[in-house]
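> Submitted below is the structure of interest, expressed as structure tokens.
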Amino acid sequence: MDSNIRSIVSDLDGTLLGPDHSLPNEVITAIQAYKKQGGLFTIATGRPLLTAQSIIDQIGIEIPVILCNGAVLAVSGKKIERICLEAAVMAEMVIDAHAHGLMVLLFREDHIECFAKNEEVEAFEHKERIKCNLVAVNDSSWRAGELEKVILLGEIEAIEELWSRWSQELNHIVEKFQSEPNYMELISAQTSKGKALERLSDMLGIDKASMMAIGNQMNDLPMLEAAGVGVAVANSPAELKAAADYICSASYGAGVVEAINNLVYGRSMIT
């Protein structure tokens, strides 16, 4: 094994997981082989702990994982760091989003809330295997407490138009990332997958230059830039590929296996 890559950090949906959001056996086999040779493997996902834990268990990850696009770090099913948004600060913007027909998902520590449900929310629930709790937009109780993140679902153009109305007020508080064609994720401006990878590097005592990050969407860009080797699977947008050190010829989990084979075991050179 090439000792230059001591740790791999992979995105989940669209990267490690297949189009049906399942984890192929050949991907698990490749990860286990890498770990047996002394490599450290973990994930950096937009998912919260409650929907990522089953995959963490399936892979057998024992080191910290990055969740909610960097807002949460957890290990052994316990959250060890949370960088949250105040619900009260986000309230007027998400009310505006709801009023303009966008779906809003509010990620609490142990559940997800929404103001309404449509096919997009139901598709999210199916993908993540969770049910969102309906709350009334005019019920002030949801304005209290902390949010690990917010997802806005709908036409990206409409979401960008919404953001243009609120960016001046929230730009220093909120970081936004597109994680799916119809998802815009909002987290604390204090964090990102890249900043979380840097914190993980310190926790593991591994230089960032010895870490490989793999992703497929623009929310993965900060960690591809932070890691020593940034990898984009084939189903990534052109902007992410342009920032990657290595572009896989294969998509999804097959791309992750390709990256392990070619870059860790040295079967090809980075181009």
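> Of all residues in region 56-73, count the ones that are β-branched (Val, Ile, Thr), open to solvent by 10 Å² or more (accessible area, probe 1.4 Å) and in contact with a helix residue (DSSP H, G or I) (Cβ under 7 Å, 6 or more places away or on another chain).
Residues flagged as β-branched (Val, Ile, Thr), open to solvent by 10 Å² or more (accessible area, probe 1.4 Å) and in contact with a helix residue (DSSP H, G or I) (Cβ under 7 Å, 6 or more places away or on another chain) within region 56-73 amount to 1.
> When region 217-271 is examined, which residues are found to be free of Cβ contacts under 8 Å to residues at least 12 places away in the same chain and in contact with a helix residue (DSSP H, G or I) (Cβ under 9 Å, 6 or more places away or on another chain)?
Correct list: Arg267, Ser268, Met269.
> How many residues does region 25-59 contain that are within 15 Å of Asn216 (Cβ to Cβ) and part of a loop (DSSP other than H, G, I, E, B)?
3
Residues are listed down the side, and each one gets a yes or a no for (1) open to solvent by 10 Å² or more (accessible area, probe 1.4 Å); (2) within 17 Å of the chain's Cα centre (by Cα); (3) over 22 Å from Ile56 (Cα atoms):
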| residue | (1), (2), (3) |
| --- | --- |
| Lys131 | yes, no, no |
| Glu146 | yes, no, yes |
| Glu160 | yes, no, yes |
| Ser164 | yes, no, yes |
| Gln168 | yes, no, yes |
| Ile173 | yes, no, yes |
| Lys176 | yes, yes, yes |
| Met184 | no, yes, yes |
| Gly194 | no, yes, no |
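> So which helices (runs of 4 or more DSSP H) are wholly in region 218-271 and hold at least 2 residues that are farther than 19 Å from Lys193 by Cα?
Of the helices (runs of 4 or more DSSP H) lying wholly inside region 218-271, those with at least 2 residues that are farther than 19 Å from Lys193 by Cα span 252-259.
> Related question: If the Cβ limit is 8 Å and pairs must be 6+ apart or interchain, which residue in region 108-128 that is more than 26 Å from Arg82 (Cα to Cα) pairs with which residue that is among the polar types (S, T, N, Q)?
Glu120/Asn182
> Sort through Leu106, Leu102 and tell me the only one that's open to solvent by less than 20 Å² (accessible area, probe 1.4 Å), farther than 21 Å from Pro181 by Cβ and within 22 Å of the chain's Cα centre (by Cα).
Leu106
> Now, a different point. Scanning for something open to solvent by less than 50 Å² (accessible area, probe 1.4 Å) and of a type in the set (D, E, K, R), does region 41-49 turn up at least one residue?
yes
> Looking at region 215-256, which of its residues are within 23 Å of Gly39 (Cα to Cα), among the hydrophobic types (A, V, I, L, M, F, W, C) and surrounded by fewer than 21 Cβ atoms within 10 Å (Cβ to Cβ)?
Listed by number, the residues that qualify are Ile247, Ala250, Ala254.
> While we're looking at this one, here's another question. Limited to region 143-171, what total is found for residues that are basic (Lys, Arg) and either closer than 10 Å to Met184 by Cα or in contact with a helix residue (DSSP H, G or I) (Cβ under 6 Å, 6 or more places away or on another chain) (or both)?
Of the residues in region 143-171, 2 are basic (Lys, Arg) and either closer than 10 Å to Met184 by Cα or in contact with a helix residue (DSSP H, G or I) (Cβ under 6 Å, 6 or more places away or on another chain) (or both).
> A follow-up question, please. Among the strands (runs of 3 or more DSSP E) lying completely within region 132-196, list those that include at least 3 residues that are modelled with pLDDT of 95 or more.
Those strands (runs of 3 or more DSSP E) span 149-153, 183-188.
> What pairs come out if I take residues in region 23-35 that are closer than 19 Å to Thr51 by Cα and pair them with residues that are surrounded by 13 or more Cβ atoms within 10 Å (Cβ to Cβ) and hydroxyl-bearing (Ser, Thr, Tyr) whose C-beta lies under 9 Å away, six or more apart or interchain?
Pro24/Tyr252
The values are calculated or read from the model by the stated rules, or taken from the named source; none is laboratory data. All values reported here derive from a predicted model rather than from experimental measurement. In this analysis, Cβ positions are derived from the backbone assuming ideal geometry, glycine residues included, and neighbour counts consider all displayed protein chains. Surface areas here come from the heavy atoms of the whole protein model, side chains and all, with no ligands, DNA or RNA. Shrake-Rupley method; radii C 1.70, N 1.55, O 1.52, S 1.80 Å.
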